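The values are calculated or read from the model by the stated rules, or taken from the named source; none is laboratory data. Note that the coordinates shown come from a computational prediction; the quantities given were computed from them, not determined experimentally. Positions of Cβ are generated from backbone atoms using ideal geometry, with glycine treated the same way; all protein chains shown enter the neighbour counts. These area figures cover heavy atoms from the full protein model, side chains too; ligands, DNA and RNA do not enter into them. Shrake-Rupley method; radii C 1.70, N 1.55, O 1.52, S 1.80 Å.
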Amino acid sequence: MSEQSRSTGRIRGTGSRRRTPSKGRRVKTVALWSAAALVIVGGSGLGYAYYTLNGNLKGVDINAALGTDRPDDVDDGSQDILVLGSDSRSGANSEYGKDEGSARADTAMVVHVDEGHTSASVVSIPRDTLVDRPACTSDTTGEQVGAERQTMFNSAYQAGGPACAVKTVEAMSGIRMDHYLEVDFTGFKKLVDELGGVKITTAQAIDDPDSHLALKPGPHTLSGEQSLGLVRTRHAVGDGSDLGRIQLQQAFVKALMDQAKSVGVFSNPKTLFGLADTATRTVTTDSELASVKKLTGFANGLKGLGSKNVDMVTLPVEYDPQDPNRVLPQKKAGEQVWAALKQDKPVPASATAKSAGDKGGAGKVVR
């Protein structure tokens, strides 16, 4: 039986309804921490910078696409952001493979910033997770795309673009996404290069011809191309699973955040503008962030966050007994994760204690 036809109960989040608020092949949450934490434009004399950056931004009107059939937002200062990495092979991304006419979101994270904006919880959703995807509207044809039971999570983006990915996450979690951020291969590389590379230390050699990455054990400053290779590598570390790769990517994201702070992004106007220019050219946001004024306010609220303030977990899953290359959400444990985010609390360790995961220690390869 195919993965798209197997039927189980629909995964739906629950939670209190919220008031309507008053007013983006494997790239990780660099979208959030490179776009949101870097795009700060200050000073009344930066009119040229304002209009340049404002013209760079691309926005998707998620609210208009989804309408009212979604969870409401809790107006308590906390924020929930869906961050996606697209595996599009179009345009400059063609060097990574043939463009088959559609892209998938091979990396997804729900980022919950607490009410005081002093800490954040990040929940990675494995691309191979089998979920019940709701009906969506195609972002290319405008036609209705029927719901699918037990289909891979990353197919939601392929079926209906950003809005369908958001709708699927909201159906799983019962949490309304306040914002959306997306970055592709080329954008990821440019952002890392603008930072001057990212410093990591490898505990063992990594040699992966598929991702064109060869690193000896020890300290490295990775270029954008090398960083892309690192977050895409799979068989060269740990047990070769996608769950192991997620652990590796999470370690890289923390190194990226530390690098952004170390280069003085917020104190050096030249560095700031270069990063902001690159970020606004290479990320796609929801329409509510698609202006410098709005993105500036959003980023200012996050710039105090450091890697030590961010707790990263993976949605608790178990291997599908019918296909070991797919995983299924652990219902009760998953409910604990989403409940913690709704209640603006840290995700309890008990929620992920029995989750399937990399047994080869991929998360310990990079520090």
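Restricted to the range 120-156, and to residues there that are out of contact with any Asp or Glu (no Cβ under 8 Å at 6 or more places or on another chain) and among the charged types (D, E, K, R), the residue that is farthest from Gln330 (Cα to Cα) is Glu143. Only residues that are closer than 15 Å to Lys364 by Cβ and either open to solvent by 10 Å² or more (accessible area, probe 1.4 Å) or part of a helix (DSSP H, G or I) (or both) were counted in the range 219-239, giving 4. Filter the range 51-64 for residues that are surrounded by 19 or more Cβ atoms within 10 Å (Cβ to Cβ) and under 17 Å from Glu182 (Cβ atoms); which is farthest from the chain's Cα centre (by Cα)? In this case the residue turns out to be Leu57. Out of everything in the range 301-316 that is polar (S, T, N, Q) and in contact with a strand residue (DSSP E or B) (Cβ under 7 Å, 6 or more places away or on another chain), what residue ends up being most open to solvent (accessible area, probe 1.4 Å)? My answer is Asn309. Which of the residues belonging to the range 289-329 are farther than 19 Å from Asp344 by Cα and among the β-branched types (Val, Ile, Thr)? Result: Val292, Thr296, Val317, Val327. Among the residues of the range 318-360, those identified as assigned to a helix (DSSP H, G or I) and either closer than 30 Å to Ala203 by Cα or not charged (D, E, K, R) (or both) are Ala333, Gly334, Gln336, Val337, Trp338, Ala339, Ala340, Leu341, Ala349, Ser350, Ala351, Thr352. Residues in the range 158-169 that are over 13 Å from the mean Cα position of the chain (by Cα) and more than 10 Å from Ala135 (Cα to Cα) were compared, and the one that is modelled with the highest pLDDT is Ala163.
Those residues that are in a loop (DSSP other than H, G, I, E, B) and open to solvent by less than 10 Å² (accessible area, probe 1.4 Å), I need them from the range 109-127; list them, please. Before you say what the answer is, go through the steps one by one.
Start the filter on the range 109-127 by keeping residues that are in a loop (DSSP other than H, G, I, E, B), which leaves 114-119, 125-127.
Matches in the range 109-127: Ile125, Pro126.
Filtering the range 156-193 to residues that are open to solvent by 10 Å² or more (accessible area, probe 1.4 Å) and of a type in the set (S, T, N, Q) leaves Gln158, Thr186.
On the stretch given as the range 247-300, residues that are open to solvent by 10 Å² or more (accessible area, probe 1.4 Å), more than 19 Å from Ile81 (Cβ to Cβ) and of a type in the set (A, V, I, L, M) total 4.
With respect to being over 16 Å from the mean Cα position of the chain (by Cα) and under 30 Å from Ala356 (Cα atoms), Lys199 fits the description.
Summed over the range 210-226, the residues that are under 24 Å from the mean Cα position of the chain (by Cα) and of a type in the set (A, V, I, L, M) give a count of 2.
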